[in-house]
Amino acid sequence: MCTTCGCGAGETVIEGHTHEHDHHHDHHHDHHEESGRIVQLEQDILAKNDGYAAANRRHFSEQGILTLNLVSSPGSGKTTLLTKTLDILQGEHPLGVIEGDQQTSHDAERIRATGVSAVQINTGKGCHLDAHMVGHAMQTLAPEPGAMLFIENVGNLVCPAAFDLGEAHKVVILSVTEGEDKPLKYPDMFHAADLMILNKVDLLPYLEFDVDRCLVYARRINPNIHILQLSATSGEGMDGWLNWLRHEHQQLAGEAGKIVVQA
């Protein structure tokens, strides 16, 4: 069992790989002892994950691969945003996607329809990706040096906040069809993210969603969070997102060049 969220143990399937993602703990009648064991288990799980994440991050840095961990609740428009982004960026940089879902390969098929390579990870009963899964998926995907790699995490605003995948940035996507108080309800995720995308702004005329209040809540949790407002469907505000991606990729390419020169 995952001690962070309580998701059950399940078999994770990564295209071409089988990875047992079991988190076990024994139940005891002594609740103080049990609580201590759970805390220790959670610390051990996260420490092990951080080790895999560090290895992923080294690889991404050495190869000049900009890696983004896209996180949101289900229905935020994450996959639509991603497919529209890939359509526009193809030809500028090599692109790749690691797609996380509990079941089905529907989203990975949507990605592949753009012409971009994608590897599907099905987490079974698990509600988040971890760095070990991403490392396995990387063996199959094999993104080119200088690529942009998008990791679309399982739809969940809880557990993915705690699991570093080796990404350069977590990008949290919130749609205006959700509540403006989501940053307050799920503070760990918004605190962990470097960028918040407020999606589906084309629907604002039809909804009671207080944009200003939402932005205040997000900055209350994370004063340094960068916020973009857009609609992946209509295209409104997409230039801001694309320019952010290009800037981050250019910055990473410069850092990778420095590493090569120093070596």
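The values are calculated or read from the model by the stated rules, or taken from the named source; none is laboratory data. This structure is a prediction, so every number in the text was calculated from the model and none was measured. Positions of Cβ are generated from backbone atoms using ideal geometry, with glycine treated the same way; all protein chains shown enter the neighbour counts.
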Margin query: For the range 145-181, give me the residue count where each residue is closer than 26 Å to residue 246 by Cα and of a type in the set (Ser, Thr, Tyr).
Written below: 1
Margin query: Please go through (1) within 21 Å of residue 51 (Cα to Cα); (2) at pLDDT below 95 for residue 106 and return the number of the only condition it doesn't satisfy.
Written below: (1)
Checklist line | Positions within the range 62-89 being out of contact with any strand residue (DSSP E or B) (no Cβ under 9 Å at 6 or more places or on another chain) and over 11 Å from residue 147 (Cα atoms), in sequence order | finding: 62, 74, 83, 84, 87, 88
Note to self: Can you confirm whether residue 68 is modelled with pLDDT of 95 or more and either buried (at least 19 other Cβ atoms within 10 Å of the Cβ) or farther than 28 Å from residue 111 by Cα (or both)?
What the structure shows: yes
Check: Any residue in the range 94-116 that is hydrophobic (A, V, I, L, M, F, W, C), more than 22 Å from residue 232 (Cβ to Cβ) and touching a helix residue (DSSP H, G or I) at 6+ places or on another chain (Cβ under 6 Å)?
Finding: no
Next item on the list: Specify the residue that is surrounded by the most Cβ atoms within 10 Å (Cβ to Cβ); the eligible residues are those in the range 143-163 that are within 18 Å of residue 90 (Cβ to Cβ) and in contact with a Pro (Cβ under 7 Å, 6 or more places away or on another chain).
Entry: 149
